[in-house]
1. Search the stretch 28-68 for residues being closer than 20 Å to ARG18 by Cβ and of a type in the set (Ser, Thr, Tyr), and hand back the single one that is nearest to the chain's Cα centre (by Cα).
2. If ALA65 satisfies every condition in (1) touching an Asp or Glu at 6+ places or on another chain (Cβ under 8 Å); (2) not in a strand (DSSP E or B) but one, which is the exception?
3. Being under 20 Å from GLU89 (Cβ atoms), among the polar types (S, T, N, Q) and surrounded by 13 or more Cβ atoms within 10 Å (Cβ to Cβ) is the filter here; which residues of the stretch 20-77 pass it?
4. Can you give me the number of residues within the stretch 24-44 that are of a type in the set (Asp, Glu) and not in a strand (DSSP E or B)?
5. Can you tell me which residue in the stretch 68-98 is modelled with the highest pLDDT, limited to those that are in contact with a Pro (Cβ under 8 Å, 6 or more places away or on another chain), of a type in the set (A, V, I, L, M, F, W, C) and in a loop (DSSP other than H, G, I, E, B)?
6. Restricting to the stretch 78-94, and then to whatever is of a type in the set (Gly, Ala, Ser) and farther than 20 Å from GLU40 by Cα, can you tell me which residue is least open to solvent (accessible area, probe 1.4 Å)?
Amino acid sequence: MHRPFPTRKTLGTRYNLRPATVLVEAQRLQPGDVIVIETECPVVVSRMRREHGHVEVMGRYVWQADHDPHWHVGTFPYAQRIARALPGEFRTPARPTD
């Protein structure tokens, strides 16, 4: 069973809207990662395309269903630092730490 999150992280919802994060380069992101581009709006990376020194990211907010459409999160240079949720912040398969 996953640990319960304190109210300060969920803001009264059933979702972790304020995950602990670490800054990583955009080129290190993988599908399944949870990133925070806007405050209190974590996004699950669903698809990525890498080309010509940038990464195009598609995803869904953590509260969206799996059958909801993906949307364009953004296009980021490889070296741009993006806040990625630490392992254990969401009920997703664990990834090795960088």
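The values are calculated or read from the model by the stated rules, or taken from the named source; none is laboratory data. Computed from a predicted model, the values in this text were never measured in an experiment. Using ideal geometry, Cβ is built from the backbone for each residue, glycine included, and neighbour counts are taken over all protein chains shown. Surface areas here come from the heavy atoms of the whole protein model, side chains and all, with no ligands, DNA or RNA. Shrake-Rupley method; radii C 1.70, N 1.55, O 1.52, S 1.80 Å.
1. TYR61
2. Only one criterion is unmet by ALA65, namely (1).
3. THR21, SER46, GLN64
4. From the stretch 24-44, those of a type in the set (Asp, Glu) are 25, 33, 38, 40; that's our starting set.
Checking which are not in a strand (DSSP E or B) leaves us with 33, 40.
Selection size over the stretch 24-44: 2.
5. Per the stated criteria, the residue is LEU86.
6. First, the residues of the stretch 78-94 that are of a type in the set (Gly, Ala, Ser): 79, 83, 85, 88, 94.
Now narrow it down to the ones that are farther than 20 Å from GLU40 by Cα: 79, 94.
On the way: ALA79: 69, ALA94: 93 Å².
Among them, the one singled out is ALA79.
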